[in-house]
Amino acid sequence: MAPVNNDDFRRHAHDIVDWIADYFEELPKQSVLPDVAPGDIRKSLPVTAPEQGEPFASIMSDFERIIMPGITGWQHPGWFAYFPANSSPPSVLAEMITAALGQQGMMWITSPAATELEMVTLDWLVDLLGLPPEWKMAGPGGGSIQVSASDASHLALVIARQRQSAPTDQLVAYASAQAHSSLEKGARVAGYRHFRSVAVGSDWAMSPSALADAVGEDCGRGLVPAFVCSTVGTTGTTAIDPIPAISEVARAEGIWHHVDAAFAGNAMICPEFRRYQPGLDEVDSYVFNPHKWLLTNFDCSVFYVADRKPLLEALQITPPYLRNAQSSSGEVVDYRDWQVPLGRRFRALKLWWVIRSYGAEGLREMIRSHIALAQDLVARIQASPQLEVVAPTPFSLVSFRHVDGDEATDAIAARINHSGHSYVTPSVIDGHRFIRVSIGGANTTAADVDRLWEVVSASN
Ligand code: PLP
C-alpha cells in the first residue's frame, strides 16, 4: 500500500475530528468504566504486526470495535476517581498541531518557538498563580514542563543530592506520611539510602516538630538531611503541610525544600485559595500539574526552581554533537538541561492555547465551580447522621465514610462504582476505609454530583 498522501490525510483528519466531536457528545450517556476483563483487548488483537499497510477504514473499524470498548471515561462528567486528568477541546486542537509539527525541543536551536513559548507561558503562570516573581525566566529561577509531578519531584531530589558532598548512603529525604508515593520512589531512583515518612497531625498535615525531631536524630547519627517535600493538597485528603514551619527546619540544616502541589496548585489561579500555600518565597522548587485540573490534557506538569544554577549544575552535560553557537552564547535556554531525558515534546502549545481560549477568568470559573460543588456535597454529608467527613475540604476533594465502618463504607463505594454514571476511589486512612469524591471534570455539573448523591443517600 502507498504511503498516506496529503489528500488522504485531509479526508481522514476531517473524519477523525467528527469522530472526536461525537465522542465528546456521547460520552456523558456512556458508562464511566469499560466493561472488559483482563486480557479481552489483547486477545482481540493479532499477535504479529502487519507486513502490508492497511487502509484507514479498517484501522478505524478495529479501533472502534476493539480499542474503544476498553477506554476508561477519564473525561466523563461522572469521573470522581483519583484526581482528575481533565482536558478540553482547545487542548485537543493544540495537540493535533503539536503532532503535526513533530517538534523535538531539546534545545533552543532544535525548536526556538517551542522553547520560547514554554518560557513565556510559564512566566504567565507565575503571575496567574501568584507565585514568587523570582521564579520567572528573567529572575534567578525558572520553569520547565515535565512529563509528570513524579518526574519533577525526582528531579528535585536529584538536584538536592548533587548539592551535597556527602555520599548517597548518608543522604536523607523527608516527606509526610501522607505524601504521594512518587516521593519515596523518586528518592529510591535518585539513590537516597534513607527516606523518612514524617508523622502527620489530626488534619493529616506534616508535623513540623516531628520533622525537626527526625532531622535532629539523623544528624546525631552522622547522616545528612538533604531534601524535604511539603505537599499542598495530599492525594489522600488534600491536606496542606505548613510550608513556613517546614522551611524553618530546612533552612537551619541547608535542606532542599520542594513543594508538591500537583493537584491543588491549580486552584491558586483564584487568589482566595493562595492562603493555603503561604511562604513560597522560602522554598527551592515547586510542581503542579495543569494536566490534572487546568483543562490541559495529559501530559503537562510544571516545575519551577527558585534558582536554576543548582539545577543546571546537576544536569548539564554537553557532548560535541549537541554543541551549537546559540547554546554556547549563553543567551538561550536549552530545556534538555532542565530534565532527565534529552528529547522533549512541544507541550507548551496546548497550555498556551488553553490559557488563551478560556482566559484566566474562564479557568477561575471552572475551579470555583468545582470547589463550590464539593462544599455543597460536604454540607449534605454533614447533614446525614449515617455519614461523616474524614478530613477538611479546602479544594474539591471530599473524603467521607459511613459511621458503621469499613464494610458499610465499601458498600457505598461499590454501589457508586456499579452505577455506570459515577466512579470514585475508595481508600484507607488511619486504618479506616473511606471514599474520595474528587470533583474536577471539565464538564462535571451539579446534576452529576446529584446523581452520585442519589446513590450515596439511597445506601444509608
Ligand atoms: N503528587 C500528588 C500530590 C499527587 O496527587 C499525584 C497524583 O495524583 C502525584 C504527585 C503524581 O502525579 P503524576 O501522575 O503527574 O506523576
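The values are calculated or read from the model by the stated rules, or taken from the named source; none is laboratory data. Everything numeric in this text was worked out from a predicted model, so none of it was measured. Here the Cβ is made from the backbone with ideal geometry for all residues, glycine too, and neighbour counts use every protein chain on show. These area figures cover heavy atoms from the full protein model, side chains too; ligands, DNA and RNA do not enter into them. Shrake-Rupley method; radii C 1.70, N 1.55, O 1.52, S 1.80 Å.
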Taking the Cα atoms of the range 57-208 alone, what are Rg (to one decimal) and Dmax (as a whole number) in Å? 20.6, 60
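In percent, how large is the relative contact order of the chain, given Cα pairs closer than 8 Å and 6 or more residues apart?
Rounded, it is 21 percent for the chain.
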For the range 149-228 and the range 62-82, what is the centre-to-centre distance using only Cα atoms, to the nearest Å? 37
Helix hunt in the chain: which complete DSSP H runs extend at least 27 Å axially by C-alpha with mean Kyte-Doolittle at least -0.5? 348-382
Amide hydrogen neighbours beyond the local backbone of GLY233, cut-off 5 Å, H modeled: ALA239, ILE240, ASP241
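Percent relative contact order of the range 96-353, based on C-alpha pairs within less than 8 angstrom and at least six residues apart? Don't jump to the answer; show the numbers that get you there.
Details: 504 pairs, mean separation 68.6, N = 258.
Contact order relative to length: 27 percent.
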Selected from HIS180, GLY359, LEU315, residue furthest toward positive end of dipole (the chain; charges at beta carbon): LEU315
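If you build the Cα gyration tensor of the range 361-458 and take the root of 5 times each eigenvalue, what three semi-axes come out, in whole angstrom, biggest first? Could you put the intermediate results ahead of the total?
Details: eigenvalues 100, 42, 28 Å².
Three semi-axes, in Å: 22, 14, 12.
Order 410-417, 298-305 from most to least packed using the mean count of other Cβ atoms within 10 Å.
The peptides rank, most packed first, as 298-305, 410-417.
Per residue, what accessible area does the range 96-353 have, given a 1.4 Å probe and all protein chains present, in Å²?
Details: 9840 Å² over 258 residues.
Ligands and nucleic acids excluded, the figure is 38 Å² per residue.
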Cα-centred dipole magnitude for the range 6-72, charges only on beta-carbon of K, R (+1) and D, E (-1), debye, nearest 20: 240
Can you list the aspartates and glutamates whose alpha carbon is less than 18 Å from that of LYS185, not counting same-chain residues fewer than 8 positions off? ASP151, ASP169, ASP260
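To the nearest 500 deg cm²/dmol, what mean residue ellipticity at 222 nm is calculated for the chain from DSSP H runs of n ≥ 4 alone, each contributing -39,500 (n - 2.57), summed and divided by the residues?
-13000 deg cm²/dmol
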Given Cα pairs under 8 Å that are at least 6 residues apart, what percent is the relative contact order of the range 383-460? 30
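Rounded to whole Å and ordered largest first, report the semi-axes of the equivalent ellipsoid of the range 221-286 derived from its Cα gyration tensor (root of 5λ).
Values: eigenvalues 111, 31, 16 Å².
Those come to 24, 12, 9 Å.
Using unit Cβ charges (K, R positive; D, E negative) and no other charged atoms, how large, in debye to the nearest 20, is the dipole of the range 361-458 about its Cα centre?
Numbers: 8 positive and 12 negative charges, 31 e Å.
The dipole of the range 361-458 has a size of about 140 debye.
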Using +1 on the beta carbon of Lys and Arg, -1 on that of Asp and Glu, and nothing else charged, what's the dipole of the chain about the Cα centre, debye to 20? 540
What share of all Cα pairs of the range 252-330, in percent, falls into each consecutive 10 Å distance bin? 15, 35, 28, 19, 4
Of THR98, ILE16, VAL198, which is farthest along the charge dipole of the chain in the positive direction, counting Lys and Arg as +1 and Asp and Glu as -1 at C-beta? VAL198
Cα-based Rg (one decimal) and Dmax (whole number) for the range 6-72, in Å? 14.2, 39
May I ask you to order 153-163, 282-292 by the average number of other C-beta atoms within 10 Å around their residues, highest value first? 282-292, 153-163
Give the long-range amide H neighbours of TRP256: residues separated by 5 or more places, or on another chain, with amide H under 5 Å away, using H modelled in the peptide plane at 1.01 Å from N. PHE227, VAL228
Quick one: check the C-alpha center-to-center distance for the range 244-319 versus the range 389-460, whole angstrom. 29
Along its three principal axes, how long is the chain when you only count alpha carbons? Whole Å, largest extent first please. 68, 65, 45
Antiparallel bridge percentage (DSSP; both residues within the chain; nearest 5): 55
Loop trypsin sites (Lys or Arg not before Pro), the range 8-106 (other Cβ atoms within 10 Å of the site Cβ: 16 or fewer; DSSP): none
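Counting only protein heavy atoms, what percent of the accessible surface of the chain is carbon or sulfur at a 1.4 Å probe?
Details: 11160 of 20630 Å².
The nonpolar share, carbon plus sulfur, comes to 54 percent.
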